[in-house]
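Asks: Here it is, the structure in full.
The values are calculated or read from the model by the stated rules, or taken from the named source; none is laboratory data. All of these numbers come straight from a predicted model, not from anything done at the bench. Every residue, glycine among them, receives a Cβ derived from its backbone with ideal geometry; neighbour counts consider all protein chains shown.
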Amino acid sequence: MISEDTNSDPAPPASGLGAVSHATGKPPACTILVQQLLAFLGQDPGPADGVLGPATRAALKDFQRQRRLPVNGELSDEVMACFEGVRMMATVMAAGQPVLPNTGAPAGLQKAGTTQARLAAAMDAFQQNDLETARSLWTDLAGQDNAEAQHRLGILYDSGQGVTRNPERAAAWYRRAAMQDHAKAQTNLGAMYARGEGVAKDYKSAFDLMQRAASQGLARAQHNLGMMYAGGNGAKMDYLQAYMWFSLAATQGNEEARKARNALGALMPLSQIVEAKRLSWEWLAFRTSPPGP
């Protein structure tokens with residue numbers, strides 16, 4: 001059945017972000033930059049005000065926990081060394097943008113950090129069943145062409161959570177995110193094409209979307225692509241390809257794919273099963289991005 005997809009001790013740096021005093025206090029500009037970088041990573045350090053307050057300390061503790069550092073909420077040399085790497089990553093992502101005065105941070109970093117923080121806030125609201133807040137935040141970000149927010153709005157309208165269910169609007173939001181290569185949105189839109197819900201039934205479009213998402217390593221899309229090959233929907237029936245995609249999804253723990261692969265294997269000669277396994281191993285060996293659930 002086609003279905004939808006409804007995280008040795010480093011040496012103290014000699015300069016740059018890590019060039020701070022060993023004393024307890026830190027320059028406000030340094031603390032501001034750390035707050036911006038925490039927001040960039042999806043944490044919620046509060047306003048970038050240069051004050052190491054409770055919200056910033058809580059975000060720092062999460063950061064330390066994730067990196068297996070002493071959890072104390074302090075700007076230690078080890079923490080500052082880690083943030084030097086984070087700043088380099090952020091700089092690459094915001095390449096070509098002007099630098100914020102007195103901080104050395106790219107101007108685009110503040111906006112990127114704010115976007116991540118708002119996405120996190122929307123998800124927190126959603127998980128707490130504050131659907132109106134979640135929808136409002138996602139709508140604003142979706143209007144700025146954020147693919148994750150567009151995908152999330154698609155889910156709301158697809159499921160009728162906090163809004164009147166509207167498959168046509170769901171498909172429209174999924175499509176906007178899918179055009180930005182958002183794998184889960186591609187999978188969900190593909191499932192709608194396969195069902196003919198919110199869009200005209202079109203197995204070819206469904207197949208193309210599932211193939212794009214499966215190629216990014218999304219297990220749900222790989223399972224669905226296997227189902228389409230096994231049934232000859234959107235492409236010529238091909239048990240070998242179906243077995244390969246089922247195997248790739250099963251490798252990621254997808255139980256439906258594991259059962260489908262085993263059932264299909266009972267209909268295939270051993271030589272085809274061996275070839276399908278070889279193709280799946282080859283695909284895994286040459287892929288460049290991490291798989292997804």
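Asks: Which residues, taken from segment 130-154, are in contact with a Leu (Cβ under 8 Å, 6 or more places away or on another chain) and not in a helix (DSSP H, G or I)?
Replies: ASN146
Asks: Determine which single condition ALA200 fails, assuming it passes every other condition in (1) hydrophobic (A, V, I, L, M, F, W, C); (2) under 23 Å from ALA122 (Cβ atoms); (3) surrounded by fewer than 18 Cβ atoms within 10 Å (Cβ to Cβ).
Replies: Result: ALA200 passes all but (2).
Asks: From the list ALA90, ALA55, ALA81, pick out the single residue that is modelled with pLDDT under 85, among the hydrophobic types (A, V, I, L, M, F, W, C), touching a Gly at 6+ places or on another chain (Cβ under 7 Å) and in a helix (DSSP H, G or I).
Replies: When all the criteria are applied, what remains is ALA81.
Asks: Among the residues of segment 27-68, write down those that are touching a helix residue (DSSP H, G or I) at 6+ places or on another chain (Cβ under 8 Å) and surrounded by fewer than 19 Cβ atoms within 10 Å (Cβ to Cβ). Give the derivation first.
Replies: Taking segment 27-68 and keeping what is touching a helix residue (DSSP H, G or I) at 6+ places or on another chain (Cβ under 8 Å), we get 30-31, 33-52, 56, 59-60, 63-64, 67.
Listed by number, the residues that qualify are GLY42, ASP44, GLY46, PRO47, ASP49, GLY50, VAL51, ARG67.
Asks: Out of segment 203-228, which residues are of a type in the set (S, T, N, Q) and either within 19 Å of LEU248 (Cβ to Cβ) or crowded, with 24+ Cβ neighbours inside 10 Å (or both)?
Replies: Answer for segment 203-228, where residues must be of a type in the set (S, T, N, Q) and either within 19 Å of LEU248 (Cβ to Cβ) or crowded, with 24+ Cβ neighbours inside 10 Å (or both): GLN211, SER215, GLN216, GLN222, ASN224.
Asks: Here's something else I'd like to know. Could you please let me know if LEU240 is part of a helix (DSSP H, G or I) and touching a helix residue (DSSP H, G or I) at 6+ places or on another chain (Cβ under 8 Å)? Even if it seems obvious, please write down each step before you answer.
Replies: Working: part of a helix (DSSP H, G or I): yes; touching a helix residue (DSSP H, G or I) at 6+ places or on another chain (Cβ under 8 Å): yes.
The answer is yes for LEU240.
Asks: For residues that are among the small types (Gly, Ala, Ser) and over 27 Å from the mean Cα position of the chain (by Cα), scanning just segment 236-269, find the one that is surrounded by the most Cβ atoms within 10 Å (Cβ to Cβ).
Replies: GLY265
Asks: Scanning for something part of a helix (DSSP H, G or I), surrounded by fewer than 18 Cβ atoms within 10 Å (Cβ to Cβ) and either of a type in the set (Gly, Ala, Ser) or over 20 Å from the mean Cα position of the chain (by Cα) (or both), does segment 173-194 turn up at least one residue?
Replies: no
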